[in-house]
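S.K.: Dropping the structure in here first, questions after.
The values are calculated or read from the model by the stated rules, or taken from the named source; none is laboratory data. All values derive from a computational prediction rather than experimental measurement. Glycine also receives a Cβ, built like all others from the backbone with ideal geometry; neighbour counts cover every protein chain displayed. Note: accessible area is taken over every heavy atom of the protein model, side chains too, but ligands, DNA and RNA are not part of it. Shrake-Rupley method; radii C 1.70, N 1.55, O 1.52, S 1.80 Å.
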Amino acid sequence: MAGKGKKILISINTSWNIYNFRRNLIMNFLDHGMKVYACAPKDEFSHKLISLGIEFNDIKISQKGTNALDDFNLLLSYKRIIKDIRPDICLFYTIKPNIYGSLASESENVPFINNISGLGTVFLRNRPSSHIAKILYKRALKKSSNVFFQNQDDLNLFIETGIIKHDRTEVLPGSGIDIDYFKPTDVYVYRENFTFLMVSRLIFDKGIREYIKAARIVRNKFPNVKFDILGQTEEKGNLGYTKSEIIQISDENNIEWHPAKEDVRPYMAQADVIVLPSYREGMSRALLEALSMEKAILTTNVPGCRELVNKNQNGLLCKAKDADDLAQKMIELIEMPIEKVKQMGKNGRLFVKKSFAEELIFKAYNNAIADKLS
């Protein structure tokens, strides 16, 4: 790799995101002799990034839509950090780093690579902010060395709307999965109490309301089926359930809610099927982790989800925003012979090993960086 001795800056909207989803990519860069800098808002995971042997830079990124003053200050912050570090190349993920980090890099003549890991809520709603985001994306990505997408639908949307041209784009298989870390366990005896688990932030666009309604429908026929939720609450913006709301809803519907955990494996290990009724994803990390752990999945027929259900061999698809159809697919899984459910899980792990192992991501980034810095 031509990046030995070079400096690379990686920026995402949370330190949690960098540590949990890009940690192994960072280790790959370090193994190739690169010096890595992380740039994100400081949180409880920032010190873990530092412990990897990289330099951390705190930056304020508002999570609440667009505010002209906040966004201008973010642009200035990126310019200051890039001037101080003088990286050889920058990597940006999530909407605001992709936009304002890219604009700052361009102004400082530093090459950059973008990853559109999902369109986010702003693209799912037809609001003025959606139009503004598209304009900003078009301007910010104009000089990008490479733009990686996590599914073909998102790439096509960016091309069709004129945000970007095809010549610098590529679809990656999600963020990559460490198949040695997410591996099957034998701690759970199937069918003692059939269990569905939804692993997601508790925002409405992830389908949390449909999951809860489907649970009520299924329990009319199978009262002993267990429904669990694992995920972070949404305390701002009226985009999802707050902690007090999910506690009340869980109590009323006999659903067990677990706050977000750094290690989801023990919870996935206790479930029969992992569910994500999302309205749209980049490429669902939770579903990839579930498949790697030999768990059958149930998800919606939307971009970023449907690509992970391989001809019903490793899970089932349902209609988006349709609790009745979700419930029907849950019942189909409950009534399915247990050996078939187990085989779905085994098929899922083989599918991930072939198409979504993190080494594929490392290779794509290593090649893109070597091409730019050689």
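S.K.: Going by the structure shown, is N238 polar (S, T, N, Q), surrounded by fewer than 24 Cβ atoms within 10 Å (Cβ to Cβ) and on the phi > 0 side of the Ramachandran plot?
M.R.: In short, yes.
S.K.: Does L30 meet the test of being over 23 Å from I177 (Cα atoms) and free of Cβ contacts under 8 Å to residues at least 40 places away in the same chain?
M.R.: Details: over 23 Å from I177 (Cα atoms): no; free of Cβ contacts under 8 Å to residues at least 40 places away in the same chain: yes.
Considered against the rule, which asks whether it is over 23 Å from I177 (Cα atoms) and free of Cβ contacts under 8 Å to residues at least 40 places away in the same chain, L30 comes out as no.
S.K.: Now for a separate question. Could you say which residue among F56, F21 is open to solvent by 10 Å² or more (accessible area, probe 1.4 Å), at pLDDT 95 or above and in contact with a Ser or Thr (Cβ under 6 Å, 6 or more places away or on another chain)?
M.R.: Numbers: F21 fails: at pLDDT 95 or above.
Criteria check complete, one pass: F56.
S.K.: Working carefully through the options L291, L333, L326, L308, find the one that is open to solvent by less than 10 Å² (accessible area, probe 1.4 Å), farther than 15 Å from L197 by Cβ and either in contact with a Phe, Trp or Tyr (Cβ under 7 Å, 6 or more places away or on another chain) or touching a residue at least 24 places away in the same chain (Cβ under 8 Å) (or both). Please lay out each step first, then the result.
M.R.: Details: L291 fails: farther than 15 Å from L197 by Cβ; L333 fails: farther than 15 Å from L197 by Cβ; L326 fails: farther than 15 Å from L197 by Cβ.
Checking each option against the conditions leaves just L308.
S.K.: Can you name the residue in the stretch 336-365 that is more than 20 Å from F222 (Cα to Cα) and free of Cβ contacts under 8 Å to residues at least 12 places away in the same chain and, of all such residues, is most open to solvent (accessible area, probe 1.4 Å)?
M.R.: Only one residue fits best here, namely K354.
S.K.: What's the number of the condition A364 fails, among (1) under 21 Å from the mean Cα position of the chain (by Cα); (2) small (G, A, S); (3) under 23 Å from K206 (Cα atoms)?
M.R.: Single failed check for A364: (3).
S.K.: Considering only residues that are open to solvent by 10 Å² or more (accessible area, probe 1.4 Å) and at pLDDT 90 or above, which ones fall in the stretch 1-18?
M.R.: Going through the stretch 1-18, the residues open to solvent by 10 Å² or more (accessible area, probe 1.4 Å) turn out to be 1-2, 4-7, 13-14, 16-17.
Across the stretch 1-18, the qualifying residues are K6, K7, N13, T14, W16, N17.
S.K.: Being closer than 20 Å to Y19 by Cα and of a type in the set (A, V, I, L, M) is the filter; apply it to the stretch 248-267 and report the residue that is surrounded by the fewest Cβ atoms within 10 Å (Cβ to Cβ).
M.R.: By that ranking, first place goes to A260.
Residue by residue, here is whether (1) of a type in the set (S, T, Y); (2) more than 24 Å from S145 (Cα to Cα); (3) within 19 Å of the chain's Cα centre (by Cα) holds:
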| position | (1), (2), (3) |
| --- | --- |
| L52 | no, yes, no |
| K60 | no, yes, no |
| K83 | no, no, no |
| Y100 | yes, no, no |
| L103 | no, no, no |
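S.K.: Something else about it: Taking the conditions exactly as written (in contact with a Leu (Cβ under 9 Å, 6 or more places away or on another chain) and either open to solvent by 60 Å² or more (accessible area, probe 1.4 Å) or small (G, A, S) (or both)), does A40 satisfy them or not? Explain how you work it out, then say what you get.
M.R.: Details: in contact with a Leu (Cβ under 9 Å, 6 or more places away or on another chain): yes; either open to solvent by 60 Å² or more (accessible area, probe 1.4 Å) or small (G, A, S) (or both): yes.
In short, yes.
S.K.: Still on this structure, please answer the following. Got at least one residue in the stretch 114-131 being open to solvent by less than 40 Å² (accessible area, probe 1.4 Å), modelled with pLDDT of 90 or more and more than 20 Å from the chain's Cα centre (by Cα)?
M.R.: Checked the stretch 114-131: no residue is open to solvent by less than 40 Å² (accessible area, probe 1.4 Å), modelled with pLDDT of 90 or more and more than 20 Å from the chain's Cα centre (by Cα).
S.K.: Now, a different point. Tell me which strands (runs of 3 or more DSSP E) are completely within the stretch 171-264 and hold 1 or more residues being polar (S, T, N, Q), or say none if there are none. Talk me through it step by step, then tell me what you get.
M.R.: Values: elements: 195-199, 226-230, 256-258.
Correct list: 195-199.
S.K.: Cβ-Cβ below 6 Å, separation at least six or inter-chain, first residue in the stretch 213-229 and more than 13 Å from I334 (Cα to Cα) and open to solvent by less than 40 Å² (accessible area, probe 1.4 Å), second assigned to a strand (DSSP E or B) and of a type outside the set (F, W, Y): which pairs?
M.R.: D228/L197; D228/E256; I229/M198
S.K.: Can I ask one more? Taking the conditions exactly as written (aliphatic (A, V, I, L, M) and out of contact with any Leu (no Cβ under 9 Å at 6 or more places or on another chain)), does M268 satisfy them or not?
M.R.: Values: aliphatic (A, V, I, L, M): yes; out of contact with any Leu (no Cβ under 9 Å at 6 or more places or on another chain): no.
Spelling it out, it is not the case that M268 is aliphatic (A, V, I, L, M) and out of contact with any Leu (no Cβ under 9 Å at 6 or more places or on another chain).
S.K.: Out of the residues in the stretch 61-82 meeting the condition of being of a type in the set (D, E, K, R) and modelled with pLDDT under 95, tell me which one is surrounded by the fewest Cβ atoms within 10 Å (Cβ to Cβ).
M.R.: Pass one, the stretch 61-82, residues of a type in the set (D, E, K, R): 64, 70-71, 79-80.
Imposing the further condition that a residue be modelled with pLDDT under 95 reduces the set to 64, 70-71.
On the way: K64: 9, D70: 15, D71: 18.
The qualifying residue surrounded by the fewest Cβ atoms within 10 Å (Cβ to Cβ) is K64.
S.K.: What are the pairs with Cβ atoms under 7 angstrom where one residue, in the stretch 166-178, is farther than 21 Å from F351 by Cα and open to solvent by 40 Å² or more (accessible area, probe 1.4 Å) and the other, located anywhere, is of a type in the set (A, V, I, L, M, F, W, C) and modelled with pLDDT of 85 or more? Sequence gap at least six, or different chains.
M.R.: H166/I159; R168/V147
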